[in-house]
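Each value in this text was obtained by applying a stated rule to the coordinates, not by laboratory testing. Please read these numbers as outputs of a predicted model, since none were measured by experiment. Cβ sites come from the backbone with ideal geometry, for glycine too, and all protein chains shown count toward neighbours.
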């Protein structure tokens, strides 16, 4: 089982840090990671808008000024990698260098600047790595991945850990701006022509479209801000297809600078928003997806994921990340694992319906339940909530993130506190109920164990007919006091059972 495998391994040795440099058509980016793990943690992230792809569609060559900016950025990145002690620098280049006649000459200069060999990715290879990035960061993806860069759009099907056949189209933001002569009407015609027979979109109806790329992330950021969305995490942000279509049509016709919250989008990115909206609009019209899901993971994360062993790839990234937090921040990491097993045993004794999705979330919540213990008691609930709501976890959607955050906050604050009312807008009534039950059970567990291991395995909590029964062995009989009784009573009310504490033996 993936969970037990992850936890048995404990903290996986990430090895030496690794840097990925992506020479794209719009920006050149350096991301340094702590190491190769199932959920790699960035330790440094910097991009430079160089605009290498600007004009390539019409002139066929890379602009001199853009090349100078890119070489300057790469020289800086090489120095930064030396400062960080990173010798493993992996560099990839995409559409602009691939399509320009002077691309090979530029890559020679770029290699000297960064001090590492550069892999020029074909469109098909770029699509494959983008799909692997989504697989690495989205739990059981099913649909089509679209990676929109400055020079090209890559499309590829994805199902679980399997990818389809990738294809590349010259519909990147800079490419479309150039080829359309900055005409939105002409850009729409070009996008429609290329996407009309796109094979990947024929298999998209009713499934999910996974949007990768900075322009689409900026578009989604605007959408989040305009609706005052309660979470700030971009990864796994989901927009129903109908809502997305209405929003991108607004971006196509409106003056971008007149929109609310547009200041949150960089000035370099704004001119491309309308072209990203045009492409997404045509994808929705032709592919008819159920929803659009934003993925912060793409080529870089796909490259790292591909380098893992099959055993590491099979690990659950959410449980892996929760285990890391548990190890680094909890008073006694083993207690988090015992709590997860204890709660699983309790929940199995109830008549409440469950699913694999919920089991993953419950286990992650138990592993994360004690990460705020160093905070002042009055602020532990708030701090735990903020950490979970904003942490760079992958492998969890926004309702799942809200479930974990609410359960842990309830564990600290109790059932009578209104924990972040706004976040309830992203969670179902059933999931909210399950979060409250988990939080109430955690309150029982912590008053029993003081967050130390060795207690919960000896104090099972189970539903027996109309009773909620907590069993205490003689060595823990003194725990059966008023505080335990009160917390048992609160949990019993949530599940409709009478609480009972029994000393066994």
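Summed over qualifying helices (DSSP H, 4 residues or more, each -39500 (n - 2.57)) and divided by its residue number, the chain shows a 222 nm mean residue ellipticity of -15000 deg cm²/dmol. Per the Debye formula on identical point scatterers at the alpha carbon atoms of region 405-465, with no solvent, log10 I(q)/I(0) at q = 0.12, 0.25, 0.26, 0.30 Å⁻¹ is -0.35, -1.02, -1.06, -1.24. If a/c stays under 1.5 just call it rounded; otherwise compare a/b with b/c (prolate if a/b is bigger, oblate if not). Do that for region 77-144, with a ≥ b ≥ c from the square roots of the Cα gyration tensor eigenvalues. Oblate, because a/c is 1.5 or more while a/b does not exceed b/c. Summary of packing: across the peptides 118-131, 187-200, the per-residue average of other C-beta atoms within 10 Å ranks them, highest first, as 118-131, 187-200.
For region 60-102 versus region 437-505, the spacing of their alpha-carbon centroids is 60 Å.
Ordering 56, 293 by the number of other Cβ atoms within 10 Å of each residue's own Cβ, fewest first, gives 293, 56.
Please work out the C-alpha center-to-center distance from region 275-351 to region 116-159 and express it in whole Å. Between the Cα centre of region 275-351 and that of region 116-159, the gap is 18 Å.
Exposure proxy for 376, 184, 412, 223: other Cβ atoms within 10 Å of each Cβ, ordered fewest to most, give 376, 184, 223, 412.
Exposure proxy for 212, 484: other Cβ atoms within 10 Å of each Cβ, ordered fewest to most, give 484, 212. Remark: relative contact order (the chain) = 13 percent; criterion is Cα-Cα distance under 8 angstrom and separation of 6 or more residues.
Based on the alpha-carbon gyration tensor of region 317-503 and its eigenvalue square roots a ≥ b ≥ c, which shape applies: rounded if a/c is under 1.5, prolate if not and a/b is larger than b/c, or oblate? It is prolate, given that a/c is not under 1.5 and a/b is the larger ratio.
Take each peptide in 460-470, 487-497, 386-396, 269-279, count the other Cβ atoms within 10 Å of every residue, and average; sorted highest first, the result is 269-279, 386-396, 487-497, 460-470.
Can you give the percent of C-alpha pairs in region 154-268 whose distance is more than 25 Å? The answer is 28 percent, as a whole percent. Take each peptide in 164-173, 38-47, count the other Cβ atoms within 10 Å of every residue, and average; sorted highest first, the result is 164-173, 38-47. Taken over region 426-505, the percentage of Cα pairs per 5 Å bin, counting from 0 up to the bin with the maximum distance, is 3, 15, 25, 25, 17, 8, 4, 2, 0, 0. Shape class of region 1-142 from the Cα gyration tensor (axes a ≥ b ≥ c, square roots of the eigenvalues): oblate, since a/c reaches 1.5 or more and a/b does not exceed b/c. The simple spin-label model puts a point 7 Å past each Cα toward its Cβ; for residue 433 and residue 45 those points are separated by 3.7 nm. Principal-axis analysis of the Cα atoms of the chain puts helix 103-114 at an angle of about 50° to the longest axis.
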